[in-house]
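Working notes, beginning with the structure itself.
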Amino acid sequence: MRSRSANRSGIVMRRRVTPAGDIIVTLLTPQGKIKAIARGGVRGSQASRLNLFHHVGVQLYQTPQADLATVQQSVLEGALPRLSEPERHPYAHLLSELADALFQEGEFSEQAFELYAGALRGVSHHPDPEWVTLVMSYKLLSLAGFAPRSRQCARCAAPDPAHPDPLGGQLLCGACSSQPPHPAERLEFLREVPRRSVRALMDQPLPAEQRPGVWRSLERFVTVQIGGVQSWRSLASSLGGEVVSA
Ligand SMILES: [Zn+2]
């Protein structure tokens, strides 16, 4: 193995500053997820470029001895300044944490990059960033192979389940659930979200009062299937209103 450098273009999905003043970033690129360190970055010009949600071009240098590639240079390729608005920032943060948990380093996925980039653009521009986040969260999960089961009861496999699954965030039949069925529109969304296009889903937003039930399903599903995404979990719970204590 020898040292090598590479140029990559991607979005900063995670950023951490170490006590030594280094910036450790995780980028999602069309070639996959990359973790890299900008040494002393917090004191230099990289600090403003390597910001959360920025689209950056980086020159990376990897030595066989180091587990993290070093960011040698970076250029800003695009930014979505509205993501810092308080009504949009938590959604961009949540989608970034979810994408970070779903996609592994070394996995080549242009589709994952396109979906994540599209999700951030939607949260930045769309008048209803909450709806963008619900739709795109399910789309990111589906792409990573985590589509909730919706044609059969998650517990007994009976057909056409319509009731909430308070533990696993999927769907249960009437016999397996102690909760009333989902309202028709919410049920249709939960059933069809893996199959429908983003555009079709965006054209049919659920009314606000039906969304906490979708947040609860999503939070449960992510916690059970992905696990280890604690801050995502608490954030999703607060966005989704009251938490079901199960
Ligand atoms: Zn059942």
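The values are calculated or read from the model by the stated rules, or taken from the named source; none is laboratory data. None of the values given here were measured: they were computed from a predicted structure. Neighbour counts run over all protein chains shown; Cβ positions are idealised from the backbone, glycine included.
Whenever a residue of segment 146-170 is in the same structural domain as residue 195 (by TED's automatic domain parsing) and in contact (Cβ under 8 Å) with a residue 40 or more places away in the chain, its partners that are part of a loop (DSSP other than H, G, I, E, B) and of a type in the set (Ser, Thr, Tyr), lying with C-beta atoms within less than 9 angstrom and at least six residues away or across chains, give the pairs 164/177; 165/177; 166/177; 166/178; 170/150. For segment 139-153, give me each residue that is modelled with pLDDT of 95 or more, within 15 Å of residue 187 (Cα to Cα) and surrounded by 20 or more Cβ atoms within 10 Å (Cβ to Cβ). Passing the criteria: only 153. Scanning segment 127-145 for residues that are of a type outside the set (A, V, I, L, M, F, W, C) and either within 16 Å of the ligand (Cβ to nearest atom) or touching a residue at least 40 places away in the same chain (Cβ under 8 Å) (or both) returns 128, 129, 130, 133, 137, 138, 139, 142.
Sort out which residues of segment 169-198 are crowded, with 19+ Cβ neighbours inside 10 Å, more than 11 Å from the ligand (Cβ to nearest atom), at negative phi and part of a loop (DSSP other than H, G, I, E, B), and write them in order of number. Residues satisfying the conditions are 182, 193. Checked against (1) closer than 26 Å to residue 101 by Cβ; (2) in a helix (DSSP H, G or I), residue 209 passes all but a single condition, namely (1).
Consider segment 159-168 and keep the residues that are farther than 19 Å from residue 227 by Cα and surrounded by 14 or more Cβ atoms within 10 Å (Cβ to Cβ). The one that is nearest to the ligand (Cβ to nearest atom) is 161. Of the candidates 155, 121, 82, the single residue that is within 16 Å of the ligand (Cβ to nearest atom) and not polar (S, T, N, Q) is 155.
This table checks each residue for (1) surrounded by fewer than 21 Cβ atoms within 10 Å (Cβ to Cβ); (2) over 19 Å from residue 212 (Cα atoms).
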residue	(1), (2)
104	yes, yes
110	yes, yes
123	no, no
127	yes, no
133	no, no
136	no, no
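Within the option set 141, 115, being closer than 17 Å to residue 216 by Cα, of a type outside the set (Asp, Glu), assigned by TED's automatic domain parsing to the domain that holds residue 223 and not in a loop (DSSP other than H, G, I, E, B) holds for one residue only, 141.
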